[in-house]
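One structure is given below, encoded as structure tokens.
The values are calculated or read from the model by the stated rules, or taken from the named source; none is laboratory data. All of these numbers come straight from a predicted model, not from anything done at the bench. When we count neighbours, we look across all protein chains shown, and the Cβ atoms used for this are built from the backbone with ideal geometry, even at glycine.
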Amino acid sequence: MTATGSATVPVTAALALGDDALVLSHRLGEWAGHAPALEEEVALANIALDLLGQARVLLSLVGDEDELAYLREERSFRNLQLVEQPNGDFAHTIARQLYFSTYQHLLHAELAAGDGPFAPLAAKAVKEVAYHRDHAEQWTRRLGDGTGTSHERMRRACAALWRFTGEMFQPVEGLDVDWAALESRWLESVAEVLDRATLTVPEGPRTGAWSAGAGRQGIHTEPFGRMLAEMQHLHRSHPGASW
Amino acid sequence: MVTATALEAELLELAGSVPDPELPVLTLHELGVVRAVHLHGTDAAEVDLTPTYTGCPAVEAMSLDIERVLREHGLREVTVRRVLTPAWSTDDITPEGRRKLREFGIAPPRVRETSGPVPLTLGPTRTDATEAEPVPCPHCGSPDTELLSRFSSTACKALRRCLSCREPFDHFKEL
């Protein structure tokens, strides 16, 4: 089976979008067997599967999907630091989902409206991600406006991940997007959800103090190396193995 | 676009008759995923297949089944090409396909007036209070059903429960 080819695909952009989807998919897959309820286990696995499908299409546009996923070093990955953050408690996972799916939905809607090489995939992804976003919004409200404990955990999670949200709006080479407009729509949307959830928009900086760049430049946080080691070890230990 | 020949139309029908690997009550034609068959020469064909969800794991099984059926029909070379545009929508499921889904115990997707991104409204959790059109129970027909989870046994389904007969059921959710 061959994927639809496109004349010129900007490699940096394909890796940025593809790696975001791949890495978050792997993180969500880590919930398998550990989710708080069976329905939630299924939901997180389904979201992971959608993201994996998107990653496969995107990475295949610019190379061999398996080589790109399993044989690149940490520094060659272009995903956001947000998506590589550990699952934490369930509230952390939901906060990460809220921040990322809102971003991904807005970004893919914009890419789908254009006629660039990512438009076909974006047009499909935007419909799938609408469900991811809805899932995250519903849980944010349920936890924020739930018990004292769930409120406090949701508040803590939103605050802890806040500093990874600024990176999402740094321009990506090859994507023709109005990043400032995207950012203001994102802030508006997230603020609205948090408000309904009786939470407040976290204070504090939206980027880390480290100025060498972040995930888009191949600079990752410590947990990412451990995640990659687990994700890649089978393929690296048994090159060429198949089912 | 080149008009399909009579043979291409026949091959399209043949490829479309392959049952869906996950929902064998439906054919690929009824699911609306086989887009076209292009014949090259006399015995080579290229089939355009579109995935329901980007990550749908059934796509590979579908490709293999299509390949097998067309080879059995005498074609020497069969290539299945994945096409993404236009994006598949649940509106592509045929009326016959919807009827079969209901008989199989899966509530079919509601038909939308317009295509494009799914508009989402925020309602109280665990209810369907804000849904414009009810999803009737495929078992007893009652419109009084509630959403349990937006995700179910496969990516394309949501899990619901009937408030009249109390049976849980899958709903092929709108995409």
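Of note:
- Inter-residue pairs, beta-carbon under 8 Å, first over 16 Å from A:LEU58 (Cα atoms) and in the stretch A:110-139, second hydroxyl-bearing (Ser, Thr, Tyr) and assigned to a helix (DSSP H, G or I), 6+ apart: A:HIS132/A:SER101; A:ARG133/A:SER101; A:ARG133/A:THR102; A:HIS135/A:SER101; A:ALA136/A:SER101; A:ALA136/A:THR102
- Only residues that are of a type outside the set (Phe, Trp, Tyr), assigned to a helix (DSSP H, G or I) and closer than 27 Å to B:GLU174 by Cβ were counted in the stretch A:110-160, giving 27.
- Single unsatisfied condition, B:THR27 versus (1) within 14 Å of chain A (Cβ to nearest Cβ); (2) at pLDDT 95 or above: (1)
For every residue, the table says whether it meets (1) within 19 Å of A:ALA136 (Cα to Cα); (2) away from chain B (no Cβ under 13 Å).
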site	(1), (2)
A:THR93	yes, yes
A:ARG96	yes, yes
A:HIS105	yes, no
A:HIS108	yes, no
A:ALA123	no, no
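To keep it simple, each residue is scored yes or no on (1) crowded, with 16+ Cβ neighbours inside 10 Å; (2) in contact (Cβ under 8 Å) with a residue 24 or more places away in the chain; (3) within 9 Å of chain B (Cβ to nearest Cβ).
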{"position": "A:HIS26", "(1), (2), (3)": "yes, yes, no"}
{"position": "A:PRO36", "(1), (2), (3)": "no, yes, no"}
{"position": "A:LEU52", "(1), (2), (3)": "yes, yes, yes"}
{"position": "A:ALA55", "(1), (2), (3)": "yes, yes, yes"}
{"position": "A:ASP66", "(1), (2), (3)": "no, yes, no"}
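- Counting residues in the stretch B:79-91 that are at pLDDT below 95, more than 15 Å from the chain's Cα centre (by Cα) and more than 12 Å from chain A (Cβ to nearest Cβ) gives zero.
Results for (1) within 18 Å of A:PRO171 (Cα to Cα); (2) touching a strand residue (DSSP E or B) at 6+ places or on another chain (Cβ under 8 Å); (3) surrounded by 22 or more Cβ atoms within 10 Å (Cβ to Cβ), shown as yes or no for each residue.
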{"site": "A:PHE77", "(1), (2), (3)": "yes, no, yes"}
{"site": "A:ALA91", "(1), (2), (3)": "no, no, yes"}
{"site": "A:HIS105", "(1), (2), (3)": "yes, no, yes"}
{"site": "A:PHE118", "(1), (2), (3)": "yes, no, yes"}
{"site": "A:LYS124", "(1), (2), (3)": "no, no, yes"}
{"site": "A:ALA130", "(1), (2), (3)": "no, no, no"}
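- Tally, over the stretch B:122-172, of residues that are charged (D, E, K, R), in a loop (DSSP other than H, G, I, E, B) and at pLDDT 90 or above: 3
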